[in-house]
Amino acid sequence: MNPLFGRVHLGLPFWGFDGWQGGLYTGDSRPADFLQQYGRVFNAVEGNTTFYAEPPPQTVMKWAAASPDGFRFCFKLPRTITHEAMLYDVREDTLRFLDRLAPLRDKLGPIMIQLPPNFGARELSRLESFLDGLPDDFRYSVELRDPELAEDGMPARIADDLLDAKGVGRVIMDTRPLRDGPGDHPDIRAARDKKPNLPTREEAISNDPIARIVFHPDPSVNERWLERWSKILAHWIREGLEPLVFVHSPSNRESPAIARDLLARIDRLESVGTMPAWPGEEGESASGQLALL
């Protein structure tokens, strides 16, 4: 397990963002340097890239080489499987995708199966059949976005029972912080339009729960949500769970700093360790040498 903060895996939606140069990343870093520098600070990543396109084999090999031991990639199944085909007749495509990730097997967290808003209670039997056909040497976590399956009630309990019976987790998506403050900035408006506005069910139904939290760029808005989530996560850790937490924000420029704040609050409640220094704040160059001032 990653020694940085091994009782919780913490990360961001992706690592390929040049807006973090000069902070999380060194000012002279190139895209080829990003994952290696990201992995010095965070020990997990959501890996949204696979939702949009299946990575070439050589790219997967590069990811394996650039990430440290104990790191966790939580990739999404491609949208061609979940959103376009709605899990119909996708066994071969799914197995091919999982085989593509084989070089990362020791670094994979749960594969995320994000389903569209029109995948509701009537489709749960199809989800059950799909889960029955998955290889058992991977972990999985399902994100249900149908409103009926997101709120407390019999349909949601049936879905939870199904996932529990299959040994599959349920992704928790929380957009409450995003919607809790001013929304006049274009980035915030765009994020609110894109992100689901659903009830947040804070219960963990697996040993490795995934929480995706979309924060507001205003720290004063985030205060109560950081306090709330630090308590939830500390409780899970105290109970022996190993959560994976992914911090979002509208532009994601603020996400590394929000994640650092969240980790510090968790550590005050339940010892998990502190975040390492950021390469871009250490005065380093991309080569790892101290840059001349």
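The values are calculated or read from the model by the stated rules, or taken from the named source; none is laboratory data. As the structure is a prediction and not an experimental result, all values here were calculated from the model. Quick reminder, even Gly has a Cβ in these numbers, built from the backbone with ideal geometry, and neighbours come from all protein chains shown.
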Total residues in segment 205-219, condition touching a Gly at 6+ places or on another chain (Cβ under 8 Å) and either loosely packed, with under 14 Cβ neighbours inside 10 Å or without any contact (Cβ under 8 Å) to a residue 40 or more places away in the chain (or both): 3
Filter pass, residue 176 being part of a helix (DSSP H, G or I), of a type in the set (Lys, Arg), at pLDDT 95 or above and within 27 Å of residue 110 (Cα to Cα): no
So residue 76, is it in contact (Cβ under 8 Å) with a residue 24 or more places away in the chain, in contact with a helix residue (DSSP H, G or I) (Cβ under 6 Å, 6 or more places away or on another chain) and crowded, with 17+ Cβ neighbours inside 10 Å: yes
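Residue-by-condition table, conditions (1) within 19 Å of the chain's Cα centre (by Cα); (2) part of a loop (DSSP other than H, G, I, E, B):
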| position | (1), (2) |
| --- | --- |
| 27 | no, yes |
| 40 | yes, yes |
| 54 | yes, yes |
| 60 | yes, no |
Within segment 62-96, tally of residues that are in a loop (DSSP other than H, G, I, E, B) and more than 20 Å from the chain's Cα centre (by Cα): 6
Leading residue by the ranking (surrounded by the fewest Cβ atoms within 10 Å (Cβ to Cβ)) among those in segment 97-117 that are of a type outside the set (Asp, Glu) and part of a helix (DSSP H, G or I): 105
Residue within segment 60-72 that is more than 27 Å from residue 267 (Cα to Cα) and among the hydroxyl-bearing types (Ser, Thr, Tyr) present: no
Test set (1) of a type in the set (Ser, Thr, Tyr); (2) in contact (Cβ under 8 Å) with a residue 12 or more places away in the chain; (3) out of contact with any helix residue (DSSP H, G or I) (no Cβ under 8 Å at 6 or more places or on another chain) - residue 88 fails condition number: (3)
Boolean, residue 192 is more than 21 Å from residue 236 (Cβ to Cβ), surrounded by fewer than 20 Cβ atoms within 10 Å (Cβ to Cβ), in contact with a helix residue (DSSP H, G or I) (Cβ under 8 Å, 6 or more places away or on another chain) and of a type in the set (Lys, Arg): no
Condition check for residue 91: farther than 23 Å from residue 32 by Cβ, at pLDDT 95 or above and surrounded by fewer than 19 Cβ atoms within 10 Å (Cβ to Cβ): yes
